[in-house]
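*Asks:* What follows is a structure written as structure tokens; I'll ask about it next.
Please treat every number below as a calculation from the coordinates, not as lab data. Only a predicted model underlies this, so the values are computations on that prediction, with no experimental measurement involved. Because the Cβ atoms are built from the backbone with ideal geometry, glycine has one as well, and the counts that use them run over all protein chains shown.
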Amino acid sequence: MDIQLIDTGFFYADGGAMFGAIPKTAWSRRYPSNGQNGCILAMRSVLIRDGNGRIILIDNGAGDKHLKQLSYYNFFDLADLGEELQKRGVACEEVTDVILTHLHFDHCGYTTRKTLQPDRTPGYALSFPNATHWVSRRQWENFLHPNALEKDSYFIENMQAVEDSGKLCLIDGETQLCPTVNLRLFDGHTPGQIAPYITTPERTYVFAGDVIPLAASVSPEWISAYDTYPVLSYREKVRMLEEAAREKQALIYCHDAYTRCSTVKKVNDFYRKEDVIKI
């Protein structure tokens, strides 16, 4: 079992949006921002080689198809994920599974890339042509028929070629992808978000996605304004944190530019980051 974290780039998000009702005097002690209230967020992917022939990728960043439309996020230090995989000895064609936690642009943008069709018209090709792409059915339905708060985060170009190719696999509940990777569903930020649980001999790692995007977001009440159903987000965070604290699981934060992974600790009725884990 080999696990590697890959940062595909960074962007700025408004601190008020990231921390919702929490005042800046509180959140700024946990997470820095610039003079325009912008917080640097990472777009983190995970590469897993399970030792039995499976090469699994969790999320893949924003890609480069919609950067002009999304320029207000001020993306920087963008990496080509295919090149990053090549540096680690993996070709895109060798990836067997792509787990998409959800289908917001910053998590699935590299799933497809612009290409020219045989008739020289523009089209989109799969970045990982041999991979099964795992998405929850609830998230897929939300992607196709988005609510008013999420519609600007979805781009059909990111996923249409996956469906057309027959490489889309929709799950309805907890799913054992392989002996070491279990997929669980969490709501709140968006319907049917997948949280992969990765079991190693040392510990279980949880790719927390936007359930808990930052170490600063560990407190259940610290809920992002991007979360579509905040009360549900609170309950889902507690569900993830209870087990993580009890079982000494390590949370991988998809957006934290400063802390990639940590354990968490419960103190009375509060949760906090404990030990930073290096992967």
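*Asks:* Can you list the trypsin sites (Lys or Arg not before Pro) in the stretch 1-50 that are in a DSSP coil and have 15 or fewer other beta carbons within 10 angstrom?
*Replies:* Loop-located and lightly packed - Arg29.
*Asks:* Could I ask something else about it? Taking the Cα centre of the chain as origin and charging only Cβ (+1 Lys, Arg; -1 Asp, Glu), how large is the dipole, in debye to the nearest 20? Spell out each step's value before the answer.
*Replies:* On the way: 30 positive and 36 negative charges, 128 e Å.
The calculated dipole for the chain is roughly 620 debye.
*Asks:* Can I ask one more? Treat the stretch 186-241 as a sphere of radius equal to its Kirkwood radius over Cα pairs and apply Stokes-Einstein at 37 °C in a medium of 0.692 mPa s; give the translational diffusion coefficient in µm²/s, rounded to a whole number. List each step's numbers first, then the result.
*Replies:* On the way: Rh = 11.5 Å.
Taking Rh from Cα pairs, D becomes 286 µm²/s.
*Asks:* With only Lys, Arg, Asp and Glu charged, each at its Cβ (+1 for the first two, -1 for the last two), find how big the charge dipole of the stretch 163-208 is about the Cα centre; round to the nearest 20 debye.
*Replies:* Numbers: 3 positive and 6 negative charges, 40 e Å.
That gives the stretch 163-208 a dipole magnitude of about 200 debye.
*Asks:* For the chain, set up a GNM with springs between Cα atoms under 10 Å and report which of Gly38, Gly188, Gly89 has the largest fluctuation.
*Replies:* Largest GNM mean-square fluctuation: Gly89.
*Asks:* Of Asn74, Thr259, Met43, which is farthest on the positive side of the dipole of the chain, counting Cα position, with +1 on Lys and Arg Cβ, -1 on Asp and Glu Cβ, and the Cα centre as origin?
*Replies:* In the chain, that residue is Thr259.
*Asks:* Let me ask something else about it. Using +1 on the beta carbon of Lys and Arg, -1 on that of Asp and Glu, and nothing else charged, what's the dipole of the stretch 72-157 about the Cα centre, debye to 20? The partial results should precede the final answer.
*Replies:* Details: 8 positive and 13 negative charges, 35 e Å.
So the magnitude is around 160 debye.
*Asks:* What distance in nm separates the simple spin-label points at Lys24 and Ala125, each placed 7 Å from Cα in the Cβ direction?
*Replies:* Result for the modelled spin labels: 4.7 nm.
*Asks:* Any chance you could check the Cα centroid distance between the stretch 143-167 and the stretch 227-279 for me, in angstrom?
*Replies:* 28
*Asks:* Quick check: the angle from helix 230-247's long axis to the longest principal axis of the chain, C-alpha only, nearest 10 degrees?
*Replies:* It works out to around 80 degrees.
*Asks:* Work from the charge dipole of the chain (Cβ charges, +1 for Lys and Arg, -1 for Asp and Glu, about the Cα centre) and give the residue of Gly53, Ala161, Ser219 farthest towards its positive end.
*Replies:* Ser219
*Asks:* Between Asp164 and Gln36, what is the label-point separation in nm under the 7 Å Cα-to-beta-carbon projection?
*Replies:* If labels sit at Gln36 and Asp164, their model points lie 3.6 nm apart.
*Asks:* Calculated from the structure, Cα extents along the principal axes in Å equals which of (1) 53, 49, 42; (2) 62, 44, 34; (3) 51, 42, 38?
*Replies:* Given (1) 53, 49, 42; (2) 62, 44, 34; (3) 51, 42, 38, the structure-derived one carries the label (2).
*Asks:* Please find, in a Gaussian network model of the chain (springs between Cα atoms separated by less than 10 Å), the residue of Arg54, Arg184, Arg120 whose mean-square fluctuation is greatest.
*Replies:* With Cα springs under 10 Å in the chain, the top fluctuation among Arg54, Arg184, Arg120 is at Arg120.
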